[in-house]
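Each remark here refers to the structure printed beneath this line.
Only the coordinates and a few stated rules stand behind these numbers; no lab work does. Remember, it's a predicted structure, so these values are computed and weren't measured experimentally. Because the Cβ atoms are built from the backbone with ideal geometry, glycine has one as well, and the counts that use them run over all protein chains shown.
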Amino acid sequence: MDLTLFQGERKSGLSIWALRVPVLLYIGLMILVPLLVILQDGFREGIGELVHQITLPIARHAISLTLWTAALMTLINAVMGLATAYVLVRYEFPGKRVLNAIIDLPLSIPTLVTGVMLVMLYGPQGVLGNFLANELGFQVIFAPPGIVIALLFISFPFVVRTIQPVLMNLDLAQEKAAATLGAKPWYTFRTVVLPNLLPPLVSGSLLSFSRAIGEFGAVVIVAGNIPLKTQTAAVYVLGAVESENRLGASAISLLLIAVATLILLTANRVQKSWESRYEN
Amino acid sequence: MSIRLENISKYYGRQVVVNNVNLEIDNGEFFVLLGASGSGKTTVLNMIAGLIAPDQGRIWLHDRDVTQETPQKRNIGFVFQNYALFQSMTVAENIEFGLKVRKMPKDQRQRRRDELLELVGLVGMGNRMSAQLSGGQQQRVALARALAIEPDVLLLDEPLGALDAKIRVELRRSLKKIQRQLGVAAILVTHDQDEAFDLGDRIGVMNYGRLIEVGTPNELYQFPKTEYVASFLGSANLLLGQVNGHEVFLGTHGFPLPAEAYDLHAGSRAQILSRPEDIDLAASEADLSGLPLGKGKVIEIGFNGPNQHLRVELPPIDGVRAISPVAPYGIPGFVMDVNRSPEQSTSLPIALNQPVWVGIRRLHVLSHPGLNFLILTDGSLRSQSALIQGGYLARMAHAQVTILGIGPDQAKIESHLLDARKDVGSGMAALNTESAPPPFKKAVTKLVEEHPFDLAILGWRPTAGLDQPEQLLQTGEQHLYLATKPTAQLRKALILLASGEPGKDNVIFSGRFLRHFGATATLLTVLPDAEANDFEMIRVERFLKDGQKSLARFGVQADLRIRQGEVLESIQAEMKSQEYDLVVLGAPLPDRSGHFELEGVIKTTLTSVENCSFLIVRSHQLQRLQDSFRRI
C-alpha cells in the first residue's frame, strides 16, 4: 500500500523538490554534521596525536576490553539466537506467542535499568551472585563476565529477529525432500537449512556486535568504571569528557564510529551478495 | 506389488482427510491420483513417503510393512510441486545429495550424476545454481535428484502444477518416457484431468478423503460406477431412469441392465450416463442412428477446438429426470450436452433455436446409485442438529440433498433456508431447498411423492415425542435418521438385529450408508433368557455372520455380539461398553392402510438410549415379522 502517496510520474516542476529538500537537509543536519564535527575535532591536532590518544595504556585497555567482550557476546548470541529462532519458527508449544513478544523487550527497557536488574541478580547481595562468588569463586559484577551478560541481554533480539523471517520463508519442502533422500535431521540442518541462514546469521551477529561496542548504560552499572580493569571504551569517553580531555574523547569516539561503520558496511555486503546469489 | 495401502485413514481433529483408502499398485505402473484440492490426495502421497503418519491402516512397499518406518528408510523418490531444490547448492550438488547421504564414492557419484543430467536433458548445467534455472528445468533437476537414489517408488506431488501450459505438456511427455525407461512404479497426484488421462495406466479418483473409483482412463470415462466420477471426468449427460427386470427404461425404451449393477432392484431408479459424443442429432426421427429421446431445440452453440459443442433443450419424458447438466430455471424438461465432430457439423449444419431430433447412440448404467437425502428443518434449535449432521453425512456420502423448510411464515422460512444452506456447508453434490406450510405430514408427503429419497434426516430429542418420526415413516419409502446432537461424526455404529429377523435389507442399507464414513459396526442380537439355548445361539451366530459378510462387501468391518437377558438393559450395557455414534434399528413398512406406529423395542430404545443418533431402516422383509416385534 505504498502507493497511496504516489500521484503519477512528473518530469519537472517545483513541487518535486518540495519534499526532497527538507528531508535531505534534515538528514544532513541530524547525522552528517555531527559526524563531520567530531571528525574535524579528532584530527584537530594531527594524526599523530590522534594515534597517541588511542594508544595510551588506559585507552588501549578500554578498547581491547570492549572488543573482546563484544566478540565473545556475539559468538554466544549467534549460537543461541539461531537456536531460539529455529525453535520459534519450526515448533509449536504453549506460550510461544508470549515468548515471541518477550524477545523484543530488551530493546525497550532502558539499558540503565538492565544494569540495575543484573546487579540485583548477580551482585554480592543477590542470591545467584552470592552463590557464584562464594561457592564457585566466580565474580560476575564489576568483572568482564558481567559485561558479557549485560551485552547479551541488550543485543539478544538482533540475531533472532534477522534469522526469523528468512527461516519462515524457507520452504519446509526442502527439509522434507532431504528426509526422503535419506538425510537425518541434523545432517539436513547442517547441509540444507544452515547455508540459507548463514547470511542473516552473519549480518545479525555483526549488528549485535556494533550495538555492543557502544553500550554505556548497562555496562557502567554492571562493570563500574575501574581503569585498566573494567572500564570499556564508551565509559572511557565519558571519563575523558568529564576531565575535559576533549581530544581523547574525540579520538576514541572516532575509533568506535569507524568500527561500527565498517561492520555496517560488511553486514550490507553480506546481505547483498546473498540476494544476488539466490534471487536473480 | 510395489505399493499396497490397507485401510489408510488420517484425521485432523475430528475432520477426516483420508478415509479408509485401499490401493494396490503394480511394479512399473504409472498411477495417477486425481481429485479436487482438499480431496486428500496429497495427504495419501505424504503418508506413503512417511512425511505424515496415518492414524489407521498399513502401508506396504514391495511387500515390506513400512507403516512405522521413517521417510529416511523408505527409499522413496519424492518430487514436490514447488521443486523444493536445495537453494544453497548447485544442480550437481542437488542431484548428488541422496548419494552423498548413502556414502557413495565420489567418482561413482559423479558418473551417476552425469547419467541423470543426460536422462532429464540438462547436460552441462551441473554448475548452475537452482535459482538460475527456469521452472521446467528446476523440476527436471528435482526429478533427477529423486531418481538418483534408485527409489523403489516415485511419488510426484503435482509436479507440473506450477509450470506454463506449453512446458507442462513437454515435461509430461518426458516424465512418462523416463518412468517407462526405468520401470519404476510411480504415483502422480494432480487435479488436471488431461494430465491424468495422458499419464495414468490407471487413475484413482479421490474426493473428501475417499478413493471413489479406480480404473484405466477408458474404464473411468466410459464405464464409471459412481455419479461423482461420471460427472467429474469430462462432461456428462446423467439421467435417472427406471429399472424393470433386467432392463433399464428411459421413458418407453428399455436397455439391458449391466450385470455389475447388483444393487439395483426392480422398481428402483438407475443413473444413466451418456457422453456428449454419444448423442446423435438428426433432422428427423428416421435419420437418428441411436435410440430416439425426443424432438428438442438447440439453445447454445460453441466450439472447443475443431469440435462443435451444443446444448439442446428437450421436453419432459415421463419417468425420466435429469441429474446433469442441471436445467436452467423455467425449462420444464431437461437439457443435454452434445459434441459433434467436424464431419458431423458439415453433414448436418445446425443453427441456434433450430428444432432437432435427439437420440442416444450409447449409454452406460451406473452400478452404484447415488444417495438422495432429505433434511427437514423448521428453524428450531433441534433442526440445527439435522442441518449440521445432515450436511456432514451428505458430504461424506456424496448424496444429493434437499432441505425442506416447514413453517407458517413463508418469508421467515425462506430466510431460514438461506442460513440453512450455510449451516450444511459447502461441497455438496447437489443442494436444493424447498419450503412448505405446516402441517408437517402434508408437507413431507407432497415432496416425497414427487421426488423419492433414500434417507430423511430429522433433528430430534426424546422429549420431542414420536409424532414426527412416525409421520415420516408413514409416507414415501425413505429411511429415517434422527440427529440428536449438533456434532458431525460417525465412527462407530451399533446395528440391532432382532433374533430370527431376516434383516437383509437393513444390513445392506447400513453397509451402503456406513461405508462412506469409514465407520465400523457392531452387529448385536439380544436373546431373551428363555430362548438362550445352545441351538439358538448357533443359529443366531450364523445369522450374524451372514450380516458381517454383507457388510464386508461394502468394506465395512463389523464385530458380532450376542447378549442374553432383557433387551433394553442389554442394549444399554452394550452402549456403555463402547462409544457409539449411531444406533441402527430395523422397522417394517406401513401396512396397507398406511398405519404405522413406532412401538416395542424401537420405541423403548429411542426414548431411553441417550447420547447417540438413530438410523431407522425400513424393510420389506420386516413386514411379516411385525407381530414378533410386538411380542418382545
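Please state the relative contact order of chain A as a whole percent: Cα pairs under 8 Å, 6+ residues apart?
On the way: 286 pairs, mean separation 76.5, N = 280.
Reported relative contact order: 27 percent.
I need the peptides B:451-459, A:100-108 ranked by packing, meaning the mean over residues of other C-beta atoms within 10 angstrom, with the highest value on top. Please report the intermediate quantities before stating the final value.
Working: B:451-459: 23.0, A:100-108: 12.4.
Going from most to least packed, we get B:451-459, A:100-108.
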Review point. Of the beta bridges DSSP finds with both residues in the protein assembly as shown, what % are antiparallel, to the nearest 5?
Key: 50
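Among bridges DSSP assigns within chain B, what percent are antiparallel (round to 5)?
Details: 65 of 128 bridges.
Restricted to chain B, the bridges split so that about 50 percent are antiparallel.
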Review point. Listing B:280, B:55 from the residue with the fewest other Cβ atoms within 10 Å to the one with the most, what is the order?
Key: B:55, B:280
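Can you tell me the relative contact order of chain B? Whole percent, Cα pairs under 8 Å, sequence separation 6 or more.
Result for chain B is 9 percent.
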Check your understanding: Between residue B:446 and residue B:198, what is the FRET efficiency for a Förster distance of 56 Å, r being their Cβ-Cβ separation, to the nearest 0.05?
Key -> 0.70
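For each of B:513, B:249, B:31, count neighbouring Cβ atoms within 10 Å of the residue's Cβ, then give the residues from fewest to most.
On the way: B:513 27, B:249 18, B:31 23.
Lowest to highest Cβ neighbour count: B:249, B:31, B:513.
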Practice item. Within segment B:1-65, report the trypsin sites (Lys or Arg not before Pro) that DSSP leaves as loop and that have at most 15 other Cβ atoms within 10 Å. Key: B:14
Point to revise | q = 0.07, 0.10 Å⁻¹: log10 I(q)/I(0) that the Debye formula gives for chain B, counting C-alpha atoms only | key: -0.55, -1.02
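I'd like the projected area of chain A, averaged over all directions, using the convex hull of its alpha carbons. Report it in nm² with one decimal. Show your work: numbers first, answer last.
Working: hull surface 88.3 nm².
Directional mean of the projected Cα hull area for chain A stands at 22.1 nm².
Give me a single rounded figure for A:168-178: the average over its residues of other chain Cβ atoms within 10 Å of their Cβ.
On the way: counts 0, 0, 1, 6, 2, 10, 8, 3, 10, 15, 7.
For this peptide, the per-residue mean of nearby foreign Cβ atoms is 6.
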Revision key, fill the gap. Protection proxy (average C-beta count within 10 Å per residue), highest first, orders B:88-94, B:180-186, B:336-342 as B:88-94, B:336-342, B:180-186
Practice item. Count the net charge of all other residues whose Cβ sits under 10 Å from the Cβ of residue B:57, scoring Lys and Arg as +1 and Asp and Glu as -1. Key: 0
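Taking Cα pairs under 8 Å and at least six residues apart, what relative contact order does segment B:3-221 come out at, in percent?
Values: 434 pairs, mean separation 68.1, N = 219.
It rounds to 31 percent for segment B:3-221.
Hey, any idea what Rg/Rh is for the protein assembly as shown, computing Rh the Kirkwood way over Cα pairs? List each step's numbers first, then the result.
On the way: Rg = 38.3 Å, Rh = 34.5 Å.
My calculation of the ratio gives 1.11.
Going down the list A:176/B:100; B:10/B:41; A:96/A:176; B:492/B:576; B:225/B:422; A:184/B:10, which pairs span over 19 Å between their C-alpha atoms?
Working: A:176/B:100 17 Å; B:10/B:41 11 Å; A:96/A:176 24 Å; B:492/B:576 13 Å; B:225/B:422 30 Å; A:184/B:10 25 Å.
Correct reply: A:96/A:176; B:225/B:422; A:184/B:10.
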Point to revise | 13 Å cut-off, amide nitrogen to a point 7 angstrom out along residue A:134 Cα→Cβ, residues in segment A:105-125 | key: A:124-125
Study note, to complete from the structure: Two pseudo-spin positions, 7 Å from Cα along C-beta at residue A:216 and at residue B:102, lie apart in nanometres by 6.4
Review point. What ranking do B:577, B:289 get, fewest neighbouring Cβ atoms within 10 angstrom at the top?
Key: B:289, B:577
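So how do B:412-420, A:73-81 stack up, highest first, on mean other-Cβ count within 10 Å?
Working: B:412-420: 16.2, A:73-81: 19.8.
For the peptides B:412-420, A:73-81, the packing ranking is A:73-81, B:412-420.
Other chains' Cβ within 10 Å of B:79-91 residues: what's the mean? List each step's numbers first, then the result.
Values: counts 2, 6, 1, 3, 4, 10, 4, 11, 9, 12, 3, 0, 0.
Other-chain Cβ atoms within 10 Å of each residue's Cβ, averaged: 5.
Once you sort the root eigenvalues of the Cα gyration tensor of segment B:372-483 as a ≥ b ≥ c, which label holds: rounded (a/c under 1.5), prolate (a/b larger than b/c) or oblate (the other case)?
Values: a/c = 1.27, a/b = 1.12, b/c = 1.14.
Judged from the Cα gyration tensor, segment B:372-483 comes out rounded (a/c under 1.5).
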Exercise for review: Just grab the label-to-label distance for residue A:19 and residue B:300, each label 7 Å out from Cα along the Cβ direction, in nm (one decimal).
Suggested key: 5.0
Check your understanding: Taking every residue in B:72-78, how many Cβ atoms of other protein chains lie within 10 Å of its Cβ, on average?
Key -> 4
Check your understanding: At 222 nm, what helix-only mean residue ellipticity would chain B give, in deg cm²/dmol to the nearest 500, using -39500 (n - 2.57) for each DSSP H run of four or more?
Key -> -9500 deg cm²/dmol
Review point. Roughly how tilted is helix B:106-119, in degrees to the nearest 10 and between 0 and 90, from the longest Cα axis of chain B?
Key: 70
Review point. Using alpha carbons only, how many degrees (0 to 90, rounded to 10) separate the axis of helix B:91-101 from the longest principal axis of chain B?
Key: 70
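Please compute the net charge surrounding residue B:407, taking Lys and Arg as +1 and Asp and Glu as -1 over other residues with Cβ under 14 Å from its Cβ.
Values: positive: B:382, B:412, B:442; negative: B:378, B:409, B:414, B:419, B:434.
After counting each charged neighbour, the total is -2.
Please work out how much length the chain gains when fully extended from residue A:273 to residue A:43, using 0.36 nm per residue of separation minus the C-alpha to C-alpha distance, in nm with one decimal. Each step should come with its number before you reach the end.
Values: separation 230, 0.36 × 230 = 82.80 nm, distance 3.47 nm.
The span from residue A:273 to residue A:43 would gain 79.3 nm if fully extended.
For a Förster distance of 35 Å, can you work out the FRET efficiency between the beta-carbons of residue B:569 and residue B:589, rounded to the nearest 0.05? Write out the running numbers ahead of the final one.
On the way: r = 29 Å, r/R0 = 0.83.
In this case the efficiency is close to 0.75.
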Exercise for review: Excluding residue A:156 itself, calculate the net charge of residues whose Cβ lies under 13 Å from the Cβ of residue A:156, where each Lys or Arg counts +1 and each Asp or Glu counts -1.
Suggested key: 0
